[in-house]
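Notes to accompany the following structure.
The values are calculated or read from the model by the stated rules, or taken from the named source; none is laboratory data. Since we're looking at a predicted model, the values are computed, not measured. Positions of Cβ are backbone-derived with ideal geometry, glycine not excepted, and every protein chain shown enters the neighbour counts. All accessible areas refer to the heavy atoms of the entire protein, side chains included, with ligands and DNA or RNA removed. Shrake-Rupley method; radii C 1.70, N 1.55, O 1.52, S 1.80 Å.
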Amino acid sequence: LGGGDYRLPNGPLFRHVSCCPHYTAEVAIYTGLGLVSGPGAWGPGLAAAFTLANLSLTALRTRRWYAERFGEAAVRGRAAILPG
């Protein structure tokens, strides 16, 4: 299973989000859940906010690791979690 070597991920979603498009999807899922739950349901909104905060920190650290490992040029123009 692998040779222990690391590679910069590539593919359709990785062109816009450097390392964590699955985090982007998870934030979108919780945000959608919050929106369909209605204005009186504050739990899903809090879950979405927590998920965004938690995964953003992790994604920023992962992007920093990619930049250190592969060079800043390899991740330049790619967001850590939310494409811009």
Task: Single condition residue 77 does not satisfy, out of (1) open to solvent by 30 Å² or more (accessible area, probe 1.4 Å); (2) in a loop (DSSP other than H, G, I, E, B); (3) in contact with a Leu (Cβ under 7 Å, 6 or more places away or on another chain) - done: (3)
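Give the residue, chosen from 80, 25, 53, that is hydrophobic (A, V, I, L, M, F, W, C) and more than 10 Å from the chain's Cα centre (by Cα). I'd like the intermediate steps shown before the answer.
Values: 80 fails: more than 10 Å from the chain's Cα centre (by Cα); 25 fails: more than 10 Å from the chain's Cα centre (by Cα).
Being hydrophobic (A, V, I, L, M, F, W, C) and more than 10 Å from the chain's Cα centre (by Cα) holds for just one of 80, 25, 53, which is 53.
Please find, within the stretch 11-23, the residue that is most open to solvent (accessible area, probe 1.4 Å) out of those that are at pLDDT 80 or above and either part of a helix (DSSP H, G or I) or of a type in the set (S, T, N, Q) (or both). Spell out how you get there, then give the answer.
If we filter the stretch 11-23 for residues that are at pLDDT 80 or above, which is where we start, we get 20-23.
Then drop every residue that is not either part of a helix (DSSP H, G or I) or of a type in the set (S, T, N, Q) (or both), which leaves 21-23.
Details: 21: 17, 22: 110, 23: 42 Å².
The extreme case among them is 22.
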- [ ] Mind listing just one residue for me: the one in the stretch 24-44 that is open to solvent by less than 40 Å² (accessible area, probe 1.4 Å) and in a helix (DSSP H, G or I) and, of those, farthest from residue 66 (Cα to Cα)?
- [x] 43
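If I ask for residues that are among the small types (Gly, Ala, Ser) and part of a helix (DSSP H, G or I), which ones from the stretch 45-74 would you list?
As a first pass, look at the stretch 45-74 and keep what is among the small types (Gly, Ala, Ser): 45, 47-49, 53, 56, 59, 67, 71, 73-74.
Once the filter is applied, which keeps residues that are among the small types (Gly, Ala, Ser) and part of a helix (DSSP H, G or I), the stretch 45-74 yields 45, 47, 48, 49, 53, 56, 59, 67, 73, 74.
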